[in-house]
1. Step by step: first the residues of region 120-173, then only those that are without any contact (Cβ under 8 Å) to a residue 24 or more places away in the chain, within 24 Å of GLY29 (Cα to Cα) and away from the ligand (no atom under 11 Å from the Cβ), then the one that is surrounded by the most Cβ atoms within 10 Å (Cβ to Cβ). Which residue is that?
2. In region 46-58, what residues are over 21 Å from ASP129 (Cα atoms) and in contact (Cβ under 8 Å) with a residue 40 or more places away in the chain?
3. I'm checking my understanding of the structure. Among residues of region 92-108 that are more than 24 Å from PRO49 (Cα to Cα) and exposed (fewer than 14 other Cβ atoms within 10 Å of the Cβ), which one is modelled with the highest pLDDT?
4. So which residues in region 48-58 are farther than 19 Å from ILE85 by Cβ and more than 15 Å from the chain's Cα centre (by Cα)?
5. More than 16 Å from the ligand (Cβ to nearest atom), farther than 20 Å from CYS169 by Cα, surrounded by 15 or more Cβ atoms within 10 Å (Cβ to Cβ) and small (Gly, Ala, Ser): does that describe SER57?
6. On the basis of being of a type in the set (D, E, K, R) and touching a helix residue (DSSP H, G or I) at 6+ places or on another chain (Cβ under 6 Å), does LYS167 make the cut?
7. Give GLY111, GLY115, GLY89 a once-over and let me know the one that is farther than 19 Å from GLN37 by Cβ and either away from the ligand (no atom under 15 Å from the Cβ) or buried (at least 22 other Cβ atoms within 10 Å of the Cβ) (or both).
Amino acid sequence: MKYLSILVLLFSISCTGTQRAAISPPEVGLSNTKRLQQTVNSLPVNKTPKHRLKVVSREVSGNELKSTLVKMDKQFDEFYRCFNIKDKGNLARNFSHYLVDTVFKCPDHNGTCAGYIKRKEKILIISMDVFAKESPMPLLKHEWAHAYRIYPTSHIVPDKKKRGKIKKCIKYM
Ligand SMILES: [Zn+2]
């Protein structure tokens, strides 16, 4: 979950490939939870090779998906090492990671998100290509931090030290 203002700022400093995202973000089903669940359940489940994280996507497939799964494992390695998480990925394995092409419409945060957690439904929606020159899925660690309740979905962390630690581990707050 990212604020539009932050996205706009980032878009303005890295502009390639972001035009399609700027004006009318696509709907991924956040306005209709049942439909979102149906979509996620209708897609074939892929698993990352190391951590066996569940990944579904309509837009990412073939070799791109294959290399994305490897990158997700790498990001998860970095994530759990940074926060010293001991569950070996058990919690993350409960979630379906729904990969979408770009930013999408969401009910809050001014209507545009690059990542979103539906905790009850155990779905993480992740944009692939957001900040053109960055690694893919820039909001993945951010959403995992929500999933692990390390980072509140309110994005409010009054403790400066804690905030600094979270930022170090997830990069985009
Ligand atoms: Zn968030």
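The values are calculated or read from the model by the stated rules, or taken from the named source; none is laboratory data. Keep in mind the model is a prediction, meaning the values are calculated, not measured. Methodologically, a virtual Cβ is constructed for each residue, glycine included, from the backbone with ideal geometry; neighbour enumeration extends over all protein chains shown.
1. ARG149
2. First, pick out the residues of region 46-58 that are over 21 Å from ASP129 (Cα atoms): 49-52.
Once the filter is applied, which keeps residues that are over 21 Å from ASP129 (Cα atoms) and in contact (Cβ under 8 Å) with a residue 40 or more places away in the chain, region 46-58 yields HIS51, ARG52.
3. By that ranking, first place goes to PRO107.
4. At the first step, the residues of region 48-58 found to be farther than 19 Å from ILE85 by Cβ are 49, 55-58.
Across region 48-58, the qualifying residues are PRO49, ARG58.
5. It is true that SER57 is more than 16 Å from the ligand (Cβ to nearest atom), farther than 20 Å from CYS169 by Cα, surrounded by 15 or more Cβ atoms within 10 Å (Cβ to Cβ) and small (Gly, Ala, Ser).
6. no
7. Among GLY111, GLY115, GLY89, only GLY89 is farther than 19 Å from GLN37 by Cβ and either away from the ligand (no atom under 15 Å from the Cβ) or buried (at least 22 other Cβ atoms within 10 Å of the Cβ) (or both).
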